[in-house]
Amino acid sequence: MAEQQQAANLQQLNVEHFNKHGAEVTPHMLALAESTAQHILQLIPLGQDSTVLEFGCGMGLISERLAPAVGSVHGVDIAPKTIEAFNAKAAAKGLTNMRAACVDLVNPIEQQQAISSGQLPVSFSLIVAHMVLHHVEDAAAVFGCLAGLLQQGGRLVLTDLLQTERSKAFHGATAHHTVSHAGGFSEQQVSQLLSAAGLRLTSFSGDSLHVTKAAAQPGGGAEAPEAFPVFVAVGQAAAESS
């Protein structure tokens, strides 16, 4: 019960934080989104028959970069203000195949309501969770939820901080209270989470992407720009058996 309350409290803190700051896009966020989207486009075969979900979409920095290459992109987030910004951006850019909804997908009732109302399709060929996992209390529940929404042979692409000696320095004072996994994740942790959700880890790269931002230095020194490694992991659902 205490764990459920802790998860609920963290979720509410994230809603409040991203309602207030979710529309603030920094240069390091834009650079990472661009490199991440390019990496996905090179890594995953996509086309006009592809149905994509961006989980924890925020303003849709990944979605808008994938939209021209796929049939449809759906965003979900728990912060209403970011959803408003996402949909306003899609309309302003004429991205008619890109739409977001304020849904807590891990809540089975909200998920079913979103699907039955037509806000979301039943399943997706690709799901992307970009720099989201460190904000969730129960990563296993998120992996299980997303795995259940994949089509046969569908892929889940995850990006987040790679666990290193310095990764905990990434989050500054303005956001640390919204983070559950401040040190990021290791390849072993990601592999275990994917396996528990019934997905197979098909690739893991811990050095393809980096995000550079000012971070406090060891020994209490002043903040200085620092490059933090971001992993890209791909989990795949089983294909239809012959």
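The values are calculated or read from the model by the stated rules, or taken from the named source; none is laboratory data. Here the structure is a predicted model, which means the values were calculated and not measured. Neighbour counts run over all protein chains shown; Cβ positions are idealised from the backbone, glycine included. Ligands, DNA and RNA are excluded from the accessible area calculation, which covers all protein heavy atoms including side chains. Shrake-Rupley method; radii C 1.70, N 1.55, O 1.52, S 1.80 Å.
The number of residues in segment 73-87 being touching a residue at least 40 places away in the same chain (Cβ under 8 Å) and polar (S, T, N, Q) comes to 1.
The criterion of being out of contact with any strand residue (DSSP E or B) (no Cβ under 8 Å at 6 or more places or on another chain), under 16 Å from Ser195 (Cα atoms) and open to solvent by 10 Å² or more (accessible area, probe 1.4 Å) holds for Ala141. Only one of the numbered conditions (1) modelled with pLDDT under 95; (2) surrounded by 15 or more Cβ atoms within 10 Å (Cβ to Cβ) is not met by Glu165, and that is (2). Of all residues in segment 171-195, those being modelled with pLDDT of 75 or more and either at negative phi or open to solvent by 30 Å² or more (accessible area, probe 1.4 Å) (or both) number 12. Candidates Val136, Val52, Val106: the one that is among the hydrophobic types (A, V, I, L, M, F, W, C), at pLDDT 95 or above and under 14 Å from the mean Cα position of the chain (by Cα) is Val52. From the list Leu61, Leu156, which residue is more than 22 Å from Gln192 (Cα to Cα) and in contact (Cβ under 8 Å) with a residue 60 or more places away in the chain? The unique qualifying residue is Leu61.
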